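Below: one structure, written as structure tokens.
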There are 2 protein chains.
Amino acid sequence: MTAGTQNGSVGIVVPQTAHFEEPLLLACGRSLPSFDLVFETYGTLNPQRSNAVLVCHALSGHHHAAGYHSESDTKPGWWDECIGPGKPIDTERFFVVSLNNLGGCHGSTGPCSPNPETGKPWGPDFPPLRARDWVNSQARLADRLGIGCWAAVIGGSLGGMQAMRWSLEYPERVQHCIVIASALKLSAQNIAFNEIARQAIESDPDFAGGRYLEQGLTPSRGLGLARMIGHVTYLSDDAMANKFGRDLRSGTFEHGQEAAVEFQVESYLRHQGSQFSGNFDANTYILMTHALDYFDLAREYNNDPVEAFRRAQCSFLVLSFSTDWRFSPERSREIVEALIAAQKPVTYADIAADEGHDAFLLPLPRYLDVFGSYMSRVGEQH
Amino acid sequence: MTAGTQNGSVGIVVPQTAHFEEPLLLACGRSLPSFDLVFETYGTLNPQRSNAVLVCHALSGHHHAAGYHSESDTKPGWWDECIGPGKPIDTERFFVVSLNNLGGCHGSTGPCSPNPETGKPWGPDFPPLRARDWVNSQARLADRLGIGCWAAVIGGSLGGMQAMRWSLEYPERVQHCIVIASALKLSAQNIAFNEIARQAIESDPDFAGGRYLEQGLTPSRGLGLARMIGHVTYLSDDAMANKFGRDLRSGTFEHGQEAAVEFQVESYLRHQGSQFSGNFDANTYILMTHALDYFDLAREYNNDPVEAFRRAQCSFLVLSFSTDWRFSPERSREIVEALIAAQKPVTYADIAADEGHDAFLLPLPRYLDVFGSYMSRVGEQH
């Protein structure tokens, strides 16, 4: 089935680039003199400019969240299950903006872009970013598009962290904040997995201290390993059991055959790793995982999430998935508890799902129902 | 505190080597023409030769399970918490045998040993092993020591798999089988983590296709990564939170400092990784993780663990730890259910512990109590 015949699809979409000349002061104290943001939009901005929705992407995401890039394109955007006509983020109703974050590797300014001071790729010299830097750059994009206030800012995982940060940094510019499978901050275990992924990348000799582009190298083994680690931890034990069990791809356990034994899950992981390493930039992966680790919603609010959320003026929807062990329901409930204590309107649902953290990308009926009905309410306010 | 002053210690121990000239037919169909096993013993074999206990080690273990190797040695054997006078495996009562498994890298014949056909290290050509091969080689060691029947065969994790295999392969030679934090077979998630560890090792250029010894190389980055993955997954989320939280080792989140931010858990992991890679052999790690993956107690018994356990003639103690997510309590309960259905005597306890899979190495009071009181009953039978 190709783009044109998909039901509920936004159809063919064309990425756009916004160039910003005014320097952006970053949380690290450095400034980006100028930058580009690549983005896509789906649906139509209403005359009151009140129906705009911002979609924030997670670790390995980008601007292409829905629809297709050409008639022959068979793979839609990464959140096509949730964005489109009649879907939870209904493009008949909302004007959806989805961008590639600063520091990304899909067209926005990032480690692959030329450093204006040297003319060479930024590589490891690209400034470290925090979620608030993304929020500030996204606010610039909102200004450019003439969007004073988002009907909703929405994100899963690292995207949910950006959505929460929006509610604190620009309280008057967000009406609804939708936080899916996210957390107030990462646990030590989460940081540990991210650190192993970074170590895998950095110990690949082809990483060359991060200057692989200049040297015509690609640290594909390290990046592949990093992806495998992410992939296993974003799935639940049950999901992997259902998907692969102990099925063999090759070999048997008969005499003399052990060397050839290969489980399905092994070849699947290797395939995932090698695919990813062809499509993603290693320095971006390092930058994004650091942003995840550094995120701590309440750090500047006396480490008190209740005090932090008191700044917010929007309503919240918080969603978690029962078998998600990287961003467990318990983490979502911490968000909810803090919002309740801060006397903010919050709706929470934990969705029973076997698929672990990855569930937030999947068309699970109850998820789509809860998400969709909340978004209907958002839409009725305009 | 040095060796001589430790309470409840077996004191100074001296490893011994047993050489076996008769070829060992392996599950893979190949034979080892001859082999060495390094082992230690603690306590005294009684005249009836009825008080011998075999300790089987896990993935990264070896023969040095208790006591010290010299007066100045500050670090005891890996299971010193459980082996010694007055400890659960009471050396006043039992004669304890602990060996380095075939394929190991601490003195027993393995990938680092010379291949008699080439004179060079076996390396990746060392035959793949299964738990049953270890059991068969351990039976040879029992013969050599004049031990017809073990009072108990005991192991945690991969060691528990060997203990269970003993109960099926040599039912008349085991009186008690003690299976701690183990499973009837690994889950897809477990296999996936092992595969990532192997990929980390094999993609290190210094692995040189497994022939690093011949080339004077050490794949220390890959082996360090493998260890980090193991380490994170053998600890629970709570254990890591208690140990590290989000404490920083260096840097601050103030303006301009991000590049230097390092969490405690990051430096701890790197330290663990680099320590391990100096002490362990990469081919052994690959061999051991494959043995873990391949283990499936009931494969030759119509995939029915009840049918498998019907062969056993011993009593069982099964222990699990509440926060162990690599070998979860659910996996232990599968063992217990099968034993009950096979009408075998079984005692089971799930120990509440924060420390994840690593709990089986720690002196947790309830663990030592349950384990110790079961072992007292074992001792009273002699």
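Every number here is computed from the coordinates shown, using simple stated rules; none is lab data. From a predicted model like this one, the values you see are computed outputs, not experimental measurements. Virtual Cβ from ideal backbone geometry, glycine too; neighbours counted across all protein chains shown.
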Can you check what the Kirkwood hydrodynamic radius comes to for chain A, Cα pairs only, in Å to one decimal? 21.5 Å
Taking neighbour counts of Cβ atoms within 10 Å as a proxy for exposure, in what order, fewest first, do B:CYS149, A:CYS177 appear? B:CYS149, A:CYS177
Which of the listed residues, A:GLN162, A:LEU102, A:ASN46, is farthest toward the dipole's positive end in region A:42-194, when Lys, Arg count +1 and Asp, Glu count -1 at the beta-carbon? A:GLN162
q = 0.12, 0.16 Å⁻¹, region B:256-382: log10 I(q)/I(0) [Debye, one scatterer per Cα]: -0.70, -1.05
Computed label-point distance, nm, for sites A:ASP369 and A:ARG140 using a 7 Å Cα→Cβ extension: 4.4 nm
Ignoring the sites themselves, what is the longest stretch of chain B with no GluC sites (Glu not before Pro) in a DSSP loop and at most 15 other beta-carbon atoms within 10 Å? B:118-213
Using only alpha carbon pairs under 8 Å that are at least six residues apart, calculate the relative contact order of region A:227-382 and give it in whole percent. 24 percent
At a Förster radius of 45 Å, what calculated FRET efficiency corresponds to the Cβ-Cβ distance of B:LEU248 and B:GLU22, to the nearest 0.05? 0.20
Which semi-axis lengths, in whole Å and largest first, follow from the square roots of five times the eigenvalues of the Cα gyration tensor of region B:185-325? 35, 24, 11
Could you check the simple spin-label distance between A:LEU362 and A:GLN275, using points 7 Å along Cα→Cβ, in nm with one decimal? 1.5 nm
Under 10 Å, Cα contacts only: if you run a Gaussian network model on chain B, which one of B:VAL346, B:VAL96, B:VAL55 comes out with the highest mean-square fluctuation? B:VAL346
Relative contact order %, region A:5-102, counting alpha carbon pairs below 8 Å whose residues are six or more apart: 36 percent
Let me spell out the model: positive unit charges on the Cβ of Lys and Arg, negative unit charges on the Cβ of Asp and Glu, origin at the Cα centre of chain A. What dipole size does that give, in debye rounded to 20? 720 debye
For chain B, what is the relative contact order in percent, using Cα pairs closer than 8 Å and at least 6 residues apart in sequence? 17 percent
Binning at 20 Å from 0, report for the protein assembly as shown what percent of all alpha-carbon pair distances ends up in each bin. 16, 45, 29, 10, 0
Pop the C-beta distance of A:SER267 and A:GLU330 into the FRET formula with R0 = 30 Å and round what comes out to the nearest 0.05. 0.30
Suppose only helical runs count, i.e. DSSP H with n ≥ 4. What mean residue ellipticity at 222 nm does that imply for the protein assembly as shown under -39500 (n - 2.57) per run, divided by all residues and rounded to the nearest 500 deg cm²/dmol? -10500 deg cm²/dmol
How do A:TYR367, A:TYR301 rank when sorted from fewest to most other Cβ atoms within 10 Å of their own Cβ? A:TYR301, A:TYR367
Could you state the number of Å between the C-alpha centres of region B:80-142 and region B:207-239? 20 Å
Assigning unit charges at the beta carbon (Lys, Arg +1; Asp, Glu -1) and nothing else, what dipole magnitude in debye, to the nearest 20, does the protein assembly as shown show about its Cα centre? 380 debye
Considering the dipole of the protein assembly as shown built from charges on the beta carbon (Lys and Arg +1, Asp and Glu -1) around the Cα centre, which of A:ALA181, A:GLN199, B:LEU339 is farthest to its positive end? B:LEU339
